[in-house]
Amino acid sequence: MSQRKRPSNTRSSSQSKRQSGTAVAQEEDDNTTLTQPSTSQVQRGMEKLTPAQVDQKTAEVVQYFLVKDQKKIPVRRADLVKHVVKEYRTIYPEIMKRAARTFDQVFGLKMIEIDAKNHMYILINKLEPVAGPATLKSPTNPKMGLMFVILSVIFMKGGIVRENLIWSTLKKLRVDPGERHEEFGDVKKVVTDEFVRQRYLEYVRIPHTEPVEHEFRWGQRAEVEVSKTKILEFMGQLHEQDPQSWIQQYREAHSVSGSTQAGSSSQR
């Protein structure tokens, strides 16, 4: 006797679409609920809280930032409000202002917004006596050295490079993305996942390529942390060449315009 087949695939597909729609709606709700409170709303919210409560919530925000900063992960405003600020969201601007003051006065750090669209923040060392982006002057550990090399290749090649050039460059340095490295482990994962999440790199698919290809660009964190003049000095030493001989790169590295707008502290 034949059994009637259940249209399970149809139902699961419908369910998947509903879940996807719910997720999108939830994200839109998050964006809606994160509308910047007005000054009067902040004042009313502050009146309902004690100074100790505000100080405690500010300390929690500072701790959240510091934990994320250990792994160089940018802080997204929506996550900060959802997981830390919570019911204190009406005084969010005041909390961020106080947190920024704490970073400045206690830790010598500056909170800056690197992504105005998605409201993502990082901490940089404000004690560096520089006018432009140059917190990370040179590699401070092997992993940062790996990232520095990749950023150097991208910068010297005009700002965008195909991934096969990055992999071939690393192979010349005996860092094969196809093999597990003693220091870095899974090299390809470090480069395409960790450095991308940290916003040092952008890893973008190139349209209409088969097999699929990607290209690398400088990420938002790199633009505010990494010194292009130091990269040129590094390349000059490597090739025994005057950095000024790379005319276009030298002009870009010494231009005061560019990423300085990202240097403004934002508590939006």
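The values are calculated or read from the model by the stated rules, or taken from the named source; none is laboratory data. Only a predicted model underlies this, so the values are computations on that prediction, with no experimental measurement involved. Virtual Cβ from ideal backbone geometry, glycine too; neighbours counted across all protein chains shown. Just so you know, the surface numbers come from the protein's heavy atoms only, side chains and all, with ligands and any DNA or RNA stripped out. Shrake-Rupley method; radii C 1.70, N 1.55, O 1.52, S 1.80 Å.
Restricting to region 158-178, count the residues that are closer than 16 Å to G219 by Cβ and open to solvent by 30 Å² or more (accessible area, probe 1.4 Å). Give the steps one after another, and end with the answer.
As a first pass, look at region 158-178 and keep what is closer than 16 Å to G219 by Cβ: 159-161, 163, 166.
The next check asks that each one be open to solvent by 30 Å² or more (accessible area, probe 1.4 Å); those that pass are 160.
The qualifying residues number 1.
What about E87, is it more than 21 Å from the chain's Cα centre (by Cα), in a helix (DSSP H, G or I), loosely packed, with under 10 Cβ neighbours inside 10 Å and at pLDDT 80 or above? Walk me through it before giving the result.
Working: more than 21 Å from the chain's Cα centre (by Cα): yes; in a helix (DSSP H, G or I): yes; loosely packed, with under 10 Cβ neighbours inside 10 Å: yes; at pLDDT 80 or above: yes.
Answer is yes for this residue.
Test each condition in (1) buried (at least 16 other Cβ atoms within 10 Å of the Cβ); (2) under 19 Å from R221 (Cα atoms) for L66 and report the one that comes out false.
(1) is the only condition that L66 fails.
Is there a residue in region 166-178 that is at pLDDT 90 or above, touching a Lys or Arg at 6+ places or on another chain (Cβ under 9 Å) and part of a loop (DSSP other than H, G, I, E, B)?
No: region 166-178 contains no residue that is at pLDDT 90 or above, touching a Lys or Arg at 6+ places or on another chain (Cβ under 9 Å) and part of a loop (DSSP other than H, G, I, E, B).
What number of residues within region 74-84 are farther than 15 Å from K110 by Cα and open to solvent by less than 40 Å² (accessible area, probe 1.4 Å)?
Narrowing region 74-84 to residues farther than 15 Å from K110 by Cα: 76-84.
Narrowing further to those that are open to solvent by less than 40 Å² (accessible area, probe 1.4 Å): 77-78, 80-81, 84.
So the count comes out to 5.
Residue by residue through region 38-74, note down the ones that are over 30 Å from D193 (Cα atoms) and either hydroxyl-bearing (S, T, Y) or touching a helix residue (DSSP H, G or I) at 6+ places or on another chain (Cβ under 6 Å) (or both).
S38, T39, S40, Q41, V42, G45, M46, T50, K57, T58
Does region 45-60 hold any residues that are within 14 Å of E87 (Cβ to Cβ), assigned to a helix (DSSP H, G or I) and not aliphatic (A, V, I, L, M), and which are they?
Result: G45, Q53, Q56, K57, E60.
When the residues of region 107-125 are filtered to those that are among the aliphatic types (A, V, I, L, M) and assigned to a strand (DSSP E or B), which remaining residue is surrounded by the most Cβ atoms within 10 Å (Cβ to Cβ)? Lay out the reasoning, then the answer.
Residues of region 107-125 that are among the aliphatic types (A, V, I, L, M), as a first pass: 109, 111-112, 114, 116, 120, 122-124.
Subsequent filtering for residues that are assigned to a strand (DSSP E or B) retains 109, 111-112, 114, 120, 122-124.
Values: L109: 22, M111: 23, I112: 22, I114: 22, M120: 21, I122: 26, L123: 20, I124: 22.
That would be I122.
Does region 194-213 hold any residues that are touching a residue at least 24 places away in the same chain (Cβ under 8 Å) and surrounded by 13 or more Cβ atoms within 10 Å (Cβ to Cβ), and which are they? Give the derivation first.
Step one: of region 194-213, the residues touching a residue at least 24 places away in the same chain (Cβ under 8 Å) are 195, 197-201, 203, 206, 213.
Within region 194-213, F195, R197, Q198, R199, Y200, L201, Y203, E213 qualify.
Every residue in region 46-63 that is open to solvent by 50 Å² or more (accessible area, probe 1.4 Å) and either polar (S, T, N, Q) or touching a Gly at 6+ places or on another chain (Cβ under 9 Å) (or both), please.
Listed by number, the residues that qualify are T50, Q53, Q56, Q63.
Find all pairs meeting these conditions: Cβ atoms under 7 angstrom apart; at least six residues apart or on different chains; first residue within region 56-68 and closer than 13 Å to R101 by Cβ; second residue part of a helix (DSSP H, G or I) and open to solvent by 50 Å² or more (accessible area, probe 1.4 Å).
As it stands, the answer is T58/R98, since those pairs meet every condition given.
Among residues belonging to region 179-193 that are in a strand (DSSP E or B) and charged (D, E, K, R), point out the one that is most open to solvent (accessible area, probe 1.4 Å). Write out each step before concluding.
Of the residues in region 179-193, the ones in a strand (DSSP E or B) are 180-181, 185-186.
Going one step further and asking which of them are charged (D, E, K, R), we end up with 180, 186.
Numbers: R180: 194, D186: 73 Å².
Checked region 179-193; the qualifying residue most open to solvent (accessible area, probe 1.4 Å) is R180.
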